[in-house]
Amino acid sequence: MDSVLTLQTVLSTFDATLRVSTPLILCAMAGLFSERSGIIDISLEGKMLSAAFAAGTLAAVTGSPWVALGGAIVVSVLLGLVHGFACITHRGDQVVSGLAINVLASGLTIVLGIAWFSQGGQTPALASESRFMPLQLPFAETLKGIPGIGPFYESVISGHNLLVYVALLAVPITWWVVYKTRFGLRLRAVGENPLAVDTAGISVSRLRFSAVMIAGALCGIAGAYLAIAQNAAFAREMTAGQGYIALAAMIFGKWRPLPAMLACLMFGFLDAVSIRLQGIELPIVGEVPVQLIQALPYILTVVLLAGFIGRAVAPKAIGVPFSKER
Amino acid sequence: MNFLPKSTFKTILLGAAASALLVGTASAADVQPAVVFDMGGKFDKSFNQGVYDGVEKFKSETGIEYREFEVTNEAQREQALRRMAQRGADPVLGIGFAQAPALEKVAKEFPDTRFAIIDMVVDLPNVRSIVFKEHEGSFLVGALAALASESGKVGFVGGMDIPLIRRFACGYEQGAKHINADAEVVQNMTGTTPAAWNDPGRGGELTKSQFERGVDVVYAAAGGTGVGVYQAAKDAGKLAIGVDSNQNYMHPGTMLTSMLKRVDVAAYNVFMDSKNDAFTPGIQVLGLAEEGVGWALDEHNESLVTGEMKATVEEVSAKIKSGEIKVHDYTSDNTCDY
């Protein structure tokens, strides 16, 4: 077996980290908007799954990745509005509503998929033209020769599809919106003390609805990434719990954009490493059993949660429906 | 299936009763076959779909409807098999190694019902167990992979890490090394739970990591996960090998071949034998000599397989049939030393 620590292996691991982390980052930012406004969002998973299905379906039918992306966002925003209608307008339980959306998405995507395409819940495989294909960033070839930064730029930063860069851009934009704009200030306030916001004459419902819609849009992009960028079709249950992992990453990051992204990258990195460590002889320990490698992300999660991140303090008003005082 | 709305079910029953009255003399020998697909689903384009093709062929030839159920979680296997038997289905066909414990239990409860299982042995007087010599078929595609590879490195992506899949991997490795003793075989398993049969995203990632290590032909024995493997191969312009059903059509031009496991024939025979009162319990082992396994050559991959390659593989195939080449079976001693 070849050596583990060649430059190429390290670079390709980072490369894979970005690919795997993309849906996590998008969903974590989605969850951040929603939860900062005081709405618990465990429906990230369901929204992403529905969006993935919408994207797979529309790309197969129309052949256009842009239509598919748009459709995915619309479907996901609509589900966000359902969530909002249940727990903002009618002050329902946010966890129950989120769970309902997840169950609905899990069942409905398969039923519709079987009804429309008769492929056991999958959508037809897509041609390259109907997907987001890898982009070569400018100067990748020219800079390749520069030691250190050159190969890194060429193999890690360049060569991803558009949505990976969208996810990376979503983090500073989220940070800017949440911390530097008037909307962000109000958003944070409504998650901490909605009564104060209400007293100031600002509509709590309106703010929370915008937050769940932004969350919906971001989940929509994540779903489209799964179905028409990373893969070439929707497959049943293709989100495989990534929505929950994103939620965990966001809590890891204490409801802040940059730490949340780092947590997502860590999960992605562990996944990429576990794929690459399989069947490879490590120095000293020899070949590691596949079970142990695959348990690694979970073990590290427990260790990190127990020891390193300290107390995670949620927005104060999270999970509490707001009743306007009359 | 089990969960049809009651009204629909009543309609079906009424319909069935009405047609029985009309026909009047529905013969007692008519069988009511049932099949319980496993977690990949009947359209996994692979193992389960092979069975589906077989039972559909039975239906179109005989006009006999069969009952079916697609298992979506582990607890459903036993329920589904028992419900089928309770409703008078006979024979009941269970698909996949994972149904063995459930099938064993249910088969004991219904000693007069005929059962069959593919890919595992259940030793009961009313059960037919059909197993395949996957190592022989994998040996052939391994040989073909080594012939097609330019880098001398070939890859394998398995589904769930179980001895059955290791048998595929081991046969593949032997085949590749038979052609090129220096060939390197990079092996990955998708996971250790049944979810590993249906994770195309992870399959694609594993494949990309193998390509980065120099692999240029990859063989997937991973159920629905294989879809991601073949897609990754297509995206990278490398070659992939399908499994169980003929999957060459999925990406013509990058599918080198498919390792055929004639589960369709096995499933068809279970139903047909039951109909003709020729059902025999016991173990059936289907290898190259019985045409139970093989490799696929059709219009989708003929441009990839040169005459020379074809001749070599056929020669190897003949040698395995004659016993000149002995392919080591991983499950015989749980090692891949040969």
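Just so you know, all these numbers are worked out from the coordinates, no wet-lab data involved. The model shown is predicted, which means the values in this text are computed figures rather than measured ones. Methodologically, a virtual Cβ is constructed for each residue, glycine included, from the backbone with ideal geometry; neighbour enumeration extends over all protein chains shown.
Counting only other chain Cβ atoms within 10 Å of each residue's Cβ, the peptide A:231-237 averages 6. Remark: mean inter-chain Cβ contacts per residue of B:193-202 equal 4, using a 10 Å Cβ-Cβ cutoff to other protein chain atoms. The angle between the Cα long axis of helix A:162-180 and the main principal axis of chain A comes to about 40°, on a 0 to 90 degree scale.
Sorting B:178-190, B:88-100 by average packing, meaning the other beta carbons within 10 Å per residue, from highest down gives B:88-100, B:178-190.
Here B:Arg83, A:Arg182 are placed in order of increasing Cβ neighbour count within 10 Å, fewest first, which gives A:Arg182, B:Arg83. Among the cysteines of the protein assembly as shown, those whose beta-carbon sits 4.7 Å or more from every other cysteine beta-carbon are A:Cys27, A:Cys87, A:Cys219, A:Cys264. Couplings for segment B:265-273, taken from phi via the Karplus curve 6.51 cos²θ - 1.76 cosθ + 1.60 with θ = phi - 60°, read 5, 4, 5, 4, 5, 4, 5, 5, 4 Hz in order; Gly and Pro are left as x. Relative to the longest principal axis of the Cα atoms of chain B, helix B:47-62 runs at roughly 50 degrees. Taken about its Cα centre, the protein assembly as shown carries a charge dipole of roughly 3120 debye when the Cβ of each Lys and Arg holds +1 and the Cβ of each Asp and Glu holds -1.
Could you grab the relative contact order for chain B? Cα pairs under 8 Å, six or more apart, rounded to a whole percent. Value for chain B: 18 percent. When only Cα pairs under 8 Å and 6 or more residues apart are kept, what is the percent relative contact order across segment B:198-338? Taking the mean separation of contacting Cα pairs over the length of segment B:198-338, I get 16 percent.
Sort B:Asp277, A:Asp41, B:Asp244 so that the residue with the fewest other Cβ atoms within 10 Å of its own Cβ comes first and the one with the most comes last. Kindly include the intermediate steps, with their values, before the conclusion.
Working: B:Asp277 8, A:Asp41 33, B:Asp244 28.
Ranking B:Asp277, A:Asp41, B:Asp244 by Cβ neighbours within 10 Å, fewest first, gives B:Asp277, B:Asp244, A:Asp41.
Over segment B:23-157, what is the relative contact order in whole percent, taking alpha-carbon pairs under 8 Å and six or more residues apart? Don't jump to the answer; show the numbers that get you there.
Details: 194 pairs, mean separation 26.6, N = 135.
Relative contact order, segment B:23-157: 20 percent.
Ordering B:Tyr66, A:Tyr225, B:Tyr52, B:Tyr219 by the number of other Cβ atoms within 10 Å of each residue's own Cβ, fewest first, gives B:Tyr66, B:Tyr52, A:Tyr225, B:Tyr219. For B:Asp90, the amide hydrogen comes within under 5 Å of the amide hydrogens of B:Gln32, B:Ala34, counting only partners 5 or more places away or on other chains and with H modelled in the peptide plane.
Axis of helix B:76-86 versus longest Cα principal axis of chain B: the two differ by about 40°, to the nearest ten degrees.
Straight-line reach from A:Lys254: taking Cα to Cα under 16 Å and skipping same-chain neighbours fewer than 8 places apart, the lysines in range are A:Lys316. Positive-end ranking of A:Ala249, B:Ala195, A:Tyr179 along the dipole of the protein assembly as shown, with charges on Cβ about the Cα centre, is headed by A:Tyr179. For the segment B:224-236, counting C-beta atoms of other chains within 10 Å of every residue's C-beta and taking the mean gives 3. Name the lysines eligible as straight-distance cross-link partners of B:Lys45: C-alpha to C-alpha under 19 Å, and not fewer than 8 places from it in the same chain. Filter leaves B:Lys57, B:Lys234, B:Lys261. What does the C-alpha gyration tensor say about the overall shape of segment A:86-236? Classify as rounded when a/c is under 1.5, otherwise prolate if a/b is larger than b/c, or oblate. Note, shape of segment A:86-236 comes out oblate. First check a/c for the protein assembly as shown, with a ≥ b ≥ c the square roots of the eigenvalues of its C-alpha gyration tensor; if it is under 1.5, answer rounded, and if not, answer prolate when a/b is larger than b/c or oblate otherwise. Because a/c hits 1.5 or more and a/b fails to exceed b/c, the protein assembly as shown counts as oblate.
For segment B:246-262, the Karplus equation 6.51 cos²θ - 1.76 cosθ + 1.60, evaluated at θ = phi - 60°, returns couplings of 6, 9, 4, 5, 5, 9, x, x, 10, 8, 5, 5, 9, 7, 8, 10, 7 Hz by residue, with Gly and Pro reported as x. If R0 is 30 Å, what FRET efficiency do you get for A:Ala314 and A:Arg182 from their C-beta distance, rounded to 0.05? The formula returns an efficiency of 0.80 here.
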